[in-house]
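Below: one structure in structure tokens.
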Amino acid sequence: MSRRPTVKDVAEAAGVSVATVSRALSGARVVRPELREVVVRTAENLGYRPHSIARALRRSRTGAIGMVVPKIENPFFPQLVGHADRVLQEHDLALLLCSSDDDPKNEAKRISILAERQIDGLLISPCSQSASAAALIDATTRMPVVQFDQRVPSVRSPFVGVDDAAGIAAVTSHLVATHRRRVAFIGADTDNWSGGRRREGFETWARSMDPSALGRMESGDFSREFGLQAAKRLLSADGDIDAIVCANDLLALGALDAATELAIDVPSRLAITGFDDINIATVSRPTLTTVRQPVAEIVETAIDILLRAINGDEDELPDVLLPVELVIRGSAP
């Protein structure tokens, strides 16, 4: 291997995840001794010689990692937070959590408070591609920062997320294959990274397959209430709509509420799809067809990259786009 081997190379050669390699090399007790032996031997064979994660943690000032999310009320983020806390516990690190409440000014204050507490690094899902930039740039001068799920592309720090456009493409392909012919879209403010990418994904499909769909689009926020109101407007204005693609599951649940209020049967008359696969998607009536984000892999990858940055490993701290999965359930079978 001509370049310096990375933790990803070790993971692929050992047949395990990047997070497992990090835990094994840091001495975390959750890794089985026989698995640790395989990882250590693989690392030695490849000549993987980074400063160890363990040394990085010993040098850390507080043993605390900060996390800022846009909206703790959105069930998607508690899933991420819960998994992050479990992973960080394996490294004997504490998680300090803040919510920006989708307000860039509030987000900047939270970042400043965390920085004053001398956290070792920051995991952040910024709420605005534009207004979050200044505070995030300042944060990168004070500590290692990894963006996840949402990002400010102008800020130079690693990003871990999913291929939003591929998720929307999977949804629209499924709807066309199941003979839906008049599709609408409900999304969020395009200054939100995920909202922008998912809207772009739908627009790309519409321009290619059904340009009239560009006139059946609503954008607001990622709330159930907006999904309800937007769906009612769309369905009242165009009685021939037979499918609604929603940019997250809360919007889709709101669209289901609208269908109930308007006495429109789902799925025989109207198909509805979401994005995220939050827990409630499996218990809604009907259950929700959606795009599943790999929560565990997002968290583990982001934390691994952050620990490498804390360790001073400047080699190959990449942006990572993870694949998504279409989950077909009752709302669009």
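Tell me which residues, restricted to segment 82-103, are surrounded by fewer than 19 Cβ atoms within 10 Å (Cβ to Cβ) and in a helix (DSSP H, G or I).
Gly82, His83, Asp85, Arg86, Gln89, Glu90
Any residue in segment 26-35 that is at pLDDT 80 or above and surrounded by 12 or more Cβ atoms within 10 Å (Cβ to Cβ)?
Checked against the condition, which is being at pLDDT 80 or above and surrounded by 12 or more Cβ atoms within 10 Å (Cβ to Cβ), segment 26-35 yields at least one hit.
When you check Asp164 against the structure, is it modelled with pLDDT under 95 and at negative phi, yes or no?
Working: modelled with pLDDT under 95: no; at negative phi: yes.
Taking the combined requirement at face value, the residue does not satisfy it.
Report, by residue number, each residue of segment 218-240 that is among the small types (Gly, Ala, Ser) and either touching a residue at least 40 places away in the same chain (Cβ under 8 Å) or outside any helix (DSSP H, G or I) (or both).
Of segment 218-240, the ones among the small types (Gly, Ala, Ser) are 219-220, 223, 227, 230-231, 236-237, 239.
Residues satisfying the conditions are Ser219, Gly220, Ser223, Gly227, Ala230, Ala231, Gly239.
Oh, and also: Please go through segment 211-224 and pick out each residue that is crowded, with 17+ Cβ neighbours inside 10 Å and polar (S, T, N, Q).
Matches in segment 211-224: Ser219, Ser223.
Within segment 225-260, which residues are crowded, with 23+ Cβ neighbours inside 10 Å and acidic (Asp, Glu)?
The one that is crowded, with 23+ Cβ neighbours inside 10 Å and acidic (Asp, Glu): Asp249.
While we're on this one: Out of curiosity, is Pro318 surrounded by fewer than 24 Cβ atoms within 10 Å (Cβ to Cβ), assigned to a loop (DSSP other than H, G, I, E, B) and outside the structural domain of Leu228 (by TED's automatic domain parsing)? Before you say what the answer is, go through the steps one by one.
Working: surrounded by fewer than 24 Cβ atoms within 10 Å (Cβ to Cβ): yes; assigned to a loop (DSSP other than H, G, I, E, B): yes; outside the structural domain of Leu228 (by TED's automatic domain parsing): yes.
Considered against the rule, which asks whether it is surrounded by fewer than 24 Cβ atoms within 10 Å (Cβ to Cβ), assigned to a loop (DSSP other than H, G, I, E, B) and outside the structural domain of Leu228 (by TED's automatic domain parsing), Pro318 comes out as yes.
Oh, and also: Filter segment 321-333 down to the residues that are surrounded by fewer than 21 Cβ atoms within 10 Å (Cβ to Cβ) and among the hydrophobic types (A, V, I, L, M, F, W, C), then identify the one that is farthest from Thr62 (Cα to Cα).
Looking only at segment 321-333, we keep the residues that are surrounded by fewer than 21 Cβ atoms within 10 Å (Cβ to Cβ), and these are 321-323, 325-330, 333.
Those still in the list that are among the hydrophobic types (A, V, I, L, M, F, W, C) too: 321-322, 326-328.
Working: Leu321: 30, Leu322: 31, Leu326: 41, Val327: 41, Ile328: 44 Å.
The residue in question is Ile328.
Give me the pairs: first residue in segment 134-150 and over 18 Å from Val160 (Cα atoms), second residue acidic (Asp, Glu) and buried (at least 24 other Cβ atoms within 10 Å of the Cβ), beta-carbon distance under 9 Å, and six or more apart or on different chains, which are they?
Short answer, once both residue conditions are applied: Ala135/Glu107.
Related question: Is at least one residue of segment 268-277 assigned by TED's automatic domain parsing to the domain that holds Asp210, acidic (Asp, Glu), touching a residue at least 60 places away in the same chain (Cβ under 8 Å) and in a strand (DSSP E or B)? Steps first, answer last, please.
Restricting attention to segment 268-277, the residues satisfying the condition of being assigned by TED's automatic domain parsing to the domain that holds Asp210 are 268-277.
From what's left, acidic (Asp, Glu): 276-277.
Filter once more, so that each one left must be touching a residue at least 60 places away in the same chain (Cβ under 8 Å): 276.
Filter once more, so that each one left must be in a strand (DSSP E or B): 276.
Taking every residue of segment 268-277 in turn, at least one turns out to be assigned by TED's automatic domain parsing to the domain that holds Asp210, acidic (Asp, Glu), touching a residue at least 60 places away in the same chain (Cβ under 8 Å) and in a strand (DSSP E or B).
Something else: Take the residues in segment 104-127 that are part of a loop (DSSP other than H, G, I, E, B) and polar (S, T, N, Q), then tell me which one is farthest from Ala64 (Cα to Cα).
The extreme case among them is Ser125.
Also, I was wondering about something else. Those residues that are surrounded by 17 or more Cβ atoms within 10 Å (Cβ to Cβ) and among the polar types (S, T, N, Q), I need them from segment 190-210; list them, please.
Asn192, Ser194
While we're looking at this one, here's another question. Would you be able to say whether some residue in segment 172-187 is surrounded by fewer than 19 Cβ atoms within 10 Å (Cβ to Cβ), among the polar types (S, T, N, Q) and at pLDDT 95 or above?
Within segment 172-187, one or more residues are surrounded by fewer than 19 Cβ atoms within 10 Å (Cβ to Cβ), among the polar types (S, T, N, Q) and at pLDDT 95 or above.
The values are calculated or read from the model by the stated rules, or taken from the named source; none is laboratory data. Keep in mind the model is a prediction, meaning the values are calculated, not measured. Cβ coordinates were reconstructed from backbone atoms using ideal geometry, including for glycine residues, and neighbour counts include every protein chain displayed.
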